[in-house]
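A.B. asks: Okay, here's the structure, questions in a sec.
The values are calculated or read from the model by the stated rules, or taken from the named source; none is laboratory data. Bear in mind that the values here come from a model prediction, so they are computed numbers and not experimental data. Note: ideal-geometry Cβ built from the backbone for every residue, glycine included; neighbour counts use all protein chains shown.
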Amino acid sequence: MVATVTSHTDTRNRAYAGEGFDGVVRVAVGGYYGTGVLLYDGHAVLTAAHLFTHGSTAASVTFETTVGSQTATASRVALQPTYDATQGNNDLAIVWLSSSAPVTAERYSLYRGSDEIGQSLTMVGYGLPGMGATGELTNYSGGPLRLKASNQFDADAGTLKSGLGSAMSWTPMPGTQLIADFDNGTTHQDALGRLIIRPGTGLGQDEGLITPGDSGGPAFISGQVAGIASYTASLVSGGVHPDIDSVSNSSFGEVAAWQRVSYYQQWIDQSLRAQYTNAPTQPAQVQKAATEGNSGTSYAYFLLQFTGVRSDPNQLLSVDYRTRDGSATAGEDYLAASGTLVLYPNENQAAIAVEIVGDYQAEPNETFYLDVTHPVGGSFGDGVVMLTAVRTIVNDDGAWL
Ligand SMILES: [Ca+2]
Ligand SMILES: [Ca+2]
Ligand SMILES: [Ca+2]
Ligand SMILES: [Ca+2]
């Protein structure tokens, strides 16, 4: 994926296994390919809805991690309910895996802030390689490559539409798509500088843009998923034509759009939670011990409840959470998890799922903790700044001596 400043044969743009991007996957749908990103629950991949517009919903996902390549089939696909193929709006899909993802693949949290514009991003994906000066390599015949590049979110797509009007043939929903341009350091190819006066001539050799096959791939801010690759465009407005070659090919002077994950966090979070099997819905159902299992991962759940009254019914409530080792070790016995749990309007409780790693090794029963901090919109009670719960992983592999 990713058109870059230097050639794809330059290792600077490779996202090799073990470098933090092993949760970025290749998604196959029918005969079409895109990219996706493994979400925090270890069972679902976020990608683009438009991968599913060719008549097939039979999807598979390929991981490349430190233990090699593994392909998992999808058990379920959900397109964003208001996806609009004509306008490219709400272009998101969630693909659930028929089994848990490899434990060697990173799970990623969502970027939940609304301050993306002006921040730099790292894009990763399996699209066609190419170079900014000449565009994507349409005749590329090598195997799929996972590449990475950087850029900066310069504008909301709605701002671009306001500035360009009919020079843009589609109408993005304001606030839902983030735009970056492919700079080569010159003002002439500074597309957003010239089109809507958002000047910036790029990140030098780190700069890049998405290409075909990157659709659905993540744009990370600080290691969290902030955008999902959606489309590119070679824009012309009045006498301004920043594209270096006037061909739509992900070259210098073009722009790209990512669906804005922070805008869609409620749909993503609630879709994931709805697929948790046997999650507790009341305190009496919470299981403080979880049987280890023998392969893949299974969930231990924590239940967060808000028992107060919202000052405003539309207020979002949230807490931060982070696992901590007891006698169990993160990465071996369970997978470390941290993030923000948001309770949306009309929601007063939700489960946090932590993955327990199954194996056949006899061990003692072991414990780990979940620390919950920073309540927003509520409190833990006078003077209480942290809540801690413990879970026991119960050995199921015979006597441990
Ligand atoms: Ca740029
Ligand atoms: Ca620029
Ligand atoms: Ca071009
Ligand atoms: Ca076991």
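A.B. asks: Can you list residue pairs whose Cβ atoms sit under 8 Å apart, with the first residue in segment 205-217 being under 11 Å from Val2 (Cβ atoms) and the second being among the charged types (D, E, K, R) and assigned to a loop (DSSP other than H, G, I, E, B)? Count only pairs 6 or more apart in sequence or on different chains.
C.D. replies: Glu207/Asp183; Leu209/Glu254
A.B. asks: Mind telling me which of the residues Gly339, Gly378 ends up being surrounded by 15 or more Cβ atoms within 10 Å (Cβ to Cβ), away from ligand 4 (no atom under 16 Å from the Cβ), at pLDDT below 95 and not hydrophobic (A, V, I, L, M, F, W, C)?
C.D. replies: The unique qualifying residue is Gly378.
A.B. asks: Run down Ser298, Ser230 and say which single residue is of a type in the set (Ser, Thr, Tyr), more than 16 Å from ligand 3 (Cβ to nearest atom) and in the same structural domain as Met173 (by TED's automatic domain parsing).
C.D. replies: Ser230
A.B. asks: Checking Leu303 against (1) in contact with a Pro (Cβ under 7 Å, 6 or more places away or on another chain); (2) surrounded by fewer than 19 Cβ atoms within 10 Å (Cβ to Cβ); (3) part of a loop (DSSP other than H, G, I, E, B), only one condition comes out false. Which one?
C.D. replies: (3)
A.B. asks: Using the structure shown, decide if Arg273 is under 18 Å from Thr392 (Cα atoms), not assigned by TED's automatic domain parsing to the domain that holds Gly193 and not in a loop (DSSP other than H, G, I, E, B).
C.D. replies: No; evaluated as a whole, the condition is false for this residue.
A.B. asks: A follow-up question, please. Name the residue, out of Ile244, Ile228, Ile268, that is more than 16 Å from ligand 4 (Cβ to nearest atom), at pLDDT 95 or above and over 19 Å from Gln152 (Cβ atoms).
C.D. replies: Result: Ile268 is the single residue among Ile244, Ile228, Ile268 that is more than 16 Å from ligand 4 (Cβ to nearest atom), at pLDDT 95 or above and over 19 Å from Gln152 (Cβ atoms).
A.B. asks: In addition: Within segment 329-343, does at least one residue satisfy the condition of being over 22 Å from the mean Cα position of the chain (by Cα) and more than 20 Å from Gly296 (Cα to Cα)?
C.D. replies: For segment 329-343, residues over 22 Å from the mean Cα position of the chain (by Cα) and more than 20 Å from Gly296 (Cα to Cα): absent.
Yes/no matrix, rows are residues, columns are (1) over 23 Å from Gly296 (Cβ atoms); (2) away from ligand 2 (no atom under 16 Å from the Cβ); (3) in contact with a helix residue (DSSP H, G or I) (Cβ under 7 Å, 6 or more places away or on another chain); (4) among the polar types (S, T, N, Q):
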site: Ile356; (1), (2), (3), (4): no, yes, no, no
site: Gln361; (1), (2), (3), (4): no, yes, no, yes
site: Phe368; (1), (2), (3), (4): no, yes, no, no
site: Val372; (1), (2), (3), (4): yes, yes, no, no
site: Asp382; (1), (2), (3), (4): yes, yes, no, no
site: Thr388; (1), (2), (3), (4): yes, yes, no, yes
site: Thr392; (1), (2), (3), (4): no, yes, no, yes
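A.B. asks: Has segment 185-208 got any residue that is in a loop (DSSP other than H, G, I, E, B), closer than 30 Å to Tyr108 by Cα, touching a Phe, Trp or Tyr at 6+ places or on another chain (Cβ under 7 Å) and away from ligand 3 (no atom under 16 Å from the Cβ)?
C.D. replies: No, every residue in segment 185-208 fails to be in a loop (DSSP other than H, G, I, E, B), closer than 30 Å to Tyr108 by Cα, touching a Phe, Trp or Tyr at 6+ places or on another chain (Cβ under 7 Å) and away from ligand 3 (no atom under 16 Å from the Cβ).
A.B. asks: Oh, and also: All but one of (1) part of a loop (DSSP other than H, G, I, E, B); (2) among the hydroxyl-bearing types (Ser, Thr, Tyr); (3) closer than 22 Å to Phe182 by Cα hold for Tyr16; state the number of the condition that does not hold.
C.D. replies: Of everything listed in (1) part of a loop (DSSP other than H, G, I, E, B); (2) among the hydroxyl-bearing types (Ser, Thr, Tyr); (3) closer than 22 Å to Phe182 by Cα, Tyr16 misses just condition (3).
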